[in-house]
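Okay, so here's the structure we're looking at.
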Amino acid sequence: MTDSSLTYHEFDDCLWVRCTSRGSFVNSPALKAISEKYMARNGRLIVVDLEICPGVDSTFMGTMAGLARKMRGQGGYLQVATPTQRTRASMESLGLDMLLDIDPADASWQANIEERRAQLTQGSSKEATAGNMNELDRTRHVLEAHNTLRSMNHKNNETFGYVCETLEEDLMRHEAELND
């Protein structure tokens, strides 16, 4: 599965990633891939623009949380621009607001947010894809995202414990099939 619902542009001060459909396990590998390339070049600020994104699933949130942790580890930040109230509430209920900034009023990009969005629609942006992931790689990605959420607090550990156990069992089964 591929999904081109993410567009991005590297501005002088940040990597701007705009999600134009639901943030999910389908497009979160692309978010991770482009963000990690940016971080490898010592990028310090990633902005995930959710203005027209109708919602995000737990894999997308876990991917953002993992990226936010990595950014913090290298002195950077992940910020989220204009999520819906429902998306904001979902992120806060899982504790993402402790790792990343949700629509920070004092962010430098707030002053020219519409110009940045316009630049993404005027052809200077790129579509983000993670290519076709096989089932094993997708399961690993989903497991990593949920383990990140699980490690954030006790409530998440309880909420996502069974999900992670099931995914780990799936991985073991797939790996055993490959080795047969």
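Values in this text are rule-based calculations from the coordinates and carry no lab data. These numbers come from a predicted model, not from an experiment. Note: ideal-geometry Cβ built from the backbone for every residue, glycine included; neighbour counts use all protein chains shown.
The residues listed here are Arg22, Arg44, Arg18, Arg69; of these, the one that is over 14 Å from the mean Cα position of the chain (by Cα) and either over 17 Å from Arg116 (Cα atoms) or in contact (Cβ under 8 Å) with a residue 12 or more places away in the chain (or both) is Arg44. For the stretch 132-145, the criterion of being in contact with a Phe, Trp or Tyr (Cβ under 7 Å, 6 or more places away or on another chain) and among the β-branched types (Val, Ile, Thr) is satisfied by at least one residue. Taking the stretch 80-122 as the range and being over 17 Å from the mean Cα position of the chain (by Cα) and small (Gly, Ala, Ser) as the test, the residues that pass are Ala105, Ala107, Ser108, Ala111, Ala118.
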